[in-house]
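The values are calculated or read from the model by the stated rules, or taken from the named source; none is laboratory data. Since the structure is predicted, the reported quantities are computational estimates derived from the model, not experimental observations. Cβ atoms come from the backbone with ideal geometry, glycine included; neighbour counts cover every protein chain shown. Keep in mind that these areas ignore ligands, DNA and RNA; they rest on the heavy atoms of the full protein, side chains included. Shrake-Rupley method; radii C 1.70, N 1.55, O 1.52, S 1.80 Å.
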Amino acid sequence: MDFRNPGQAASRLAGSRVAGAAIVSILLSLLPFQNAAAHDPGLSSLTIRQCVNGWEAKLTLAVKDAAQVAELDENHDGTVSRVEFGRGQSQLEAAVARQIVISAAGRVINDKSVHSRLDENNNIEVFLNFDAVVFSSLEIQSKIIASLPLGHRQYLQVQNSRGDTIFERLLSAAADRATLEIPDAHSRIAAFDAVRSFANFLSLGVKHILTGYDHLIFLFGLLLVARGFLSSLGIITSFTIAHSITLAVATLHVVQIPGRIVEPLIAASIVFVGVENLLRGDIPKARRMVAFGFGLIHGFGFASALREAGIGSGTGGIVLPLFSFNLGVELGQIMVAALVLPIIWKLRENPMFIARWAPACSAAVVLLGSFWFVQRVWMT
């Protein structure tokens, strides 16, 4: 403390206390988000494929979303057993058949059959078969989005008989239909749709990281003890490279780790970083390796967002969503870092922050990570 100017020193001390208290209170305020699902952006997928005798539509929904369409969770315990699914299966199939509408030249195509199943990823797949038609334009409408939670998005892709994706779009309740023209005769329209799809998944990636509280707290814990731009850049780069690798390999089905394992590990990574901050004080050695190692785990968490949308389950339509979604995640990270890092660097100029408030923030990080770990291991 500067005894030559006690008024100025007291002012700096008070400012440091207020700023530190604000950071701790923000971290602790996240505790009520018991369902802070960093990997639950409200996604589903609808794949329309041309077959020899017509068209097949496959709608993939997370169980919790399917339960919004039909009464599947009879005992309201938050899960749907195979027995419960069997009882509500016909109701779900009827609802989907009414709300997935395919038209050719303004004429609705009749569906011939519908069936559904509970897949190995605990998603529900509903299959519809439609009559064969000759068309110059095909309109697809998914009215079912209106029955799902606000903000839900549905990834639509249309495939030819070889399984190649010839059209894709991200649908919402406000824009629940898309029109497909013959690609060879409308190359400009196809190019425009590709650009729009890129923008949609880019936006989805940004939204995903900005609402991914566990990822943000992990990143905050890493950067809390960073002393400058180069140190912070190294940490962010290591984390980015690592989660980009596992996002790609998981989406491409090279490596798959179940969510029941990934989610607790992400929470454990938050606890580890907070404890390391408390035990080692200033920036720990090998912090970049810590960011890289745990970044690999977080990448599998990011991949669950695309997997829930059904991306990667077919033979086409994977590269563009994967690239643009990952780019959106990186842009979101940069936005957060650009906002938070100058504040942290400024606060670290005050010894009182380093001595008291930085450890308090690290303790809050440990508390949040522990809460999420217990929730994901014993409460789900």
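Computed from phi, the 3J(HN,Hα) profile of region 161-167 under the Karplus parametrisation 6.51, -1.76, 1.60 (θ = phi - 60°) reads 5, 8, x, 7, 6, 10, 6 Hz, with x in place of Gly and Pro. How far, in nm, would the chain grow between residue 129 and residue 230 when pulled straight, counting 0.36 nm per residue and subtracting the alpha carbon separation? Gain on stretching residue 129 to residue 230: 30.7 nm. Spacing of the modelled spin labels on residue 146 and residue 51, each 7 Å from Cα toward Cβ, amounts to 2.8 nm. Computed over the alpha-carbon atoms, region 217-295 gives an Rg to Rh ratio of 1.01, Rh here being the Kirkwood radius from the mean inverse distance.
Normalised Debye scattering of region 45-169 at q = 0.20 Å⁻¹ gives log10 I(q)/I(0) of -1.14, counting only Cα atoms as equal scatterers and leaving out solvent. Close amide H partners of residue 167, meaning residues 5 or more places away or on another chain with modelled amide H under 5 Å apart, are 158. Length available on full extension from residue 319 to residue 74: 0.36 nm per residue minus the Cα-Cα distance, which gives 84.3 nm. Each label was represented as a point 7 Å from its Cα along the Cα-to-Cβ direction; for residue 289 and residue 98 these points are 6.1 nm apart.
Using the alpha carbons alone, the radius of gyration of region 221-262 stands to its Kirkwood radius in an Rg to Rh ratio of 1.16.
Here the extension length gained between residue 378 and residue 339 equals 10.6 nm, from 0.36 nm per residue of separation less the Cα-Cα distance.
Per residue, region 125-173 exposes 38 Å² of solvent-accessible protein surface, assessed with a 1.4 angstrom probe and all protein chains in place.
Shown in residue order for region 66-75 are the 3J(HN,Hα) couplings computed by the Karplus curve 6.51 cos²θ - 1.76 cosθ + 1.60 at θ = phi - 60°: 4, 5, 7, 8, 9, 7, 10, 8, 5, 8 Hz (x for Gly and Pro). The largest-to-smallest principal axis extents of the Cα set in region 328-380 are 42, 34, 8 Å.
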